[in-house]
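Throughout, read-outs are computed from the coordinates displayed, never taken from laboratory work. Only a predicted model underlies this, so the values are computations on that prediction, with no experimental measurement involved. Quick reminder, even Gly has a Cβ in these numbers, built from the backbone with ideal geometry, and neighbours come from all protein chains shown.
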Amino acid sequence: MDASLDAPTDTSTGAPAGAPTGGERGRPTAPVDTAPAGPPDAGAWRARARRAVRRLSRPEPWKRGPVPTALAALLGLTLLLHARIPGTHGIGSLVESFLPWFGLFVPVLLAAALWRRSASAVVALVLPVAVWLHLFGGLLVDKSRPGSDLTVVSHNVNADNADPVGTARDLAASGADVLALVEMTEEAQVTYAKELAKAYPHHTVRGTVGLWSKLPLSGTRTVDTERHQGPPTGARPVVWRAADPRALRTTVATEQGPLAVYVAHLGSVRVNPRAGFATANRDGGARALAAAVAAERNERVVLLGDLNGTMDDRAFDGLTSRLRSTQKAAGNGFGFSWPASFPMVRIDEILVRGVEPRSSWVLPRTGSDHLPVAAGISW
């Protein structure tokens, strides 16, 4: 019998099953790839990436969202060139006072860019993000270190403080070695002197500012801060006489040697529809204070008080060029101190020269509309 009749055949070609087809005859068999397959989602991820690249290579995503793109660029330039903003009507100082808060525009513009699917707006946001991090990124890191030789506290106790006794006790409980108080009424000065006497045997007062200390004080004098305006609206003239000193300089006797301490309360700023952000009174005080610090012969200096402005404000260039902010050097966060109900700016400052800031922080709220600020310093 013919063997071919018994062999199974391939129904598609009529050839015996397993026999090479015409296309396979004389051709080597290809090796089978037995390598393990990659992750099941790797191919999908690569496909999505290729699609994203193809979309970005088209002109449409770069043409969308011209408004968010322009606003992102404007935000970046404002942060980068804030010192060049004209000072007319105090606009420059006003912008610089709230400069950290400009970072809140970034997520808003990012959301707008994503909503519009605008590649140009997303790229434009790189500038404000980079500049903001350069200016304020260091404040987001805790730079405090343990140990200090002296703890200092500064507090605007508020002339309208309804609980000066409680405020004095809270401040004494802070454990500060040196305590600076500003905006004290004559009546409140008596209360603070009485309540703080046990913890602080040494104190000195000039006008509405004073210093309480656990260490001896000497050489106290008034510092002229050129305040020539009348009383603020709603304040009592008897408290806010133009002749009342708003700054003093004294020497604290420490174990490491004399420490020159300045306590200051610079003039308030006002927003006026006609004059804009009125800062002339404060700016004059800042210049006078900077001149006094520049003439200070003591190598070690601490400035405490309510300066009614942030250290990003150009008005304080004369001070920041000679003194360091303890919050920027050794703090954790922005250290906002005003208003106490919702702190938005740090206008209560501790500035130093010739000493090493070890830590800087904000104390809990008292009866004032300001929060107390504290710092630990070493030699």
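Subtract the Cα-Cα distance of GLU186 and GLU299 from 0.36 nm times their separation in residues, and report this length gain in nm to one decimal.
37.4 nm
Each label point is 7 Å from the Cα along the Cα-to-Cβ direction; what then is the distance between the points at VAL67 and TRP379, in nm?
Here the modelled spin labels are 6.2 nm apart.
Want the number for ARG353 to ASN272: 0.36 nm per residue separation, take away the alpha-carbon distance, what's left?
Result: 25.6 nm gained on full extension.
Once R0 is set to 41 Å, what does the formula 1/(1 + (r/R0)^6) return for the Cβ-Cβ distance between THR88 and LYS214, expressed as a FRET efficiency to the nearest 0.05?
That pair, THR88 with LYS214, gives E of 0.30.
Using only C-alpha positions, report the orientation-averaged shadow area of the convex hull of the range 278-345, nm², one decimal.
The Cα convex hull of the range 278-345, projected and averaged over all directions, gives 5.3 nm².
Based on the Cβ-Cβ distance from GLU255 to ALA111, what FRET efficiency comes out when R0 is 51 Å, to the nearest 0.05?
Efficiency, from the Cβ-Cβ distance: 0.35.
Sorting check: for 90-98, 145-153, 280-288, which peptide has the highest mean count of neighbouring beta carbons within 10 Å, and how do the rest follow?
Descending packing order for the listed peptides: 280-288, 90-98, 145-153.
Quote to one decimal, in nm, the extra length available between LEU81 and SER174 on full extension: 0.36 nm per residue of separation minus the C-alpha distance between them.
So the extension gain works out to 29.5 nm.
Rg/Rh for the range 125-233 to two decimals, with Rh computed the Kirkwood way over all alpha-carbon pairs.
Across the range 125-233, the Cα-based Rg/Rh ratio is 1.11.
Cα convex hull of the range 263-377: how many Å³ per residue?
Hull volume over Cα atoms, normalised by residue count, gives 102 Å³.
If I model a spin label as a point 7 Å beyond the Cα along the Cα-Cβ vector, how far apart are those points for LEU104 and SER341 in nm?
Inter-label distance under the simple model: 1.6 nm.
Between ALA47 and LEU133, what FRET efficiency follows from the Cβ-Cβ distance if R0 is 51 Å, with the result rounded to 0.05?
It comes to 0.90.
For LYS194, which lysines qualify as cross-link partners when the Cα separation must be under 20 Å and same-chain residues fewer than eight apart are set aside?
Of all the lysines, those that pass the test against LYS194 - Cα under 20 Å, at least 8 places apart if same chain - are LYS214.
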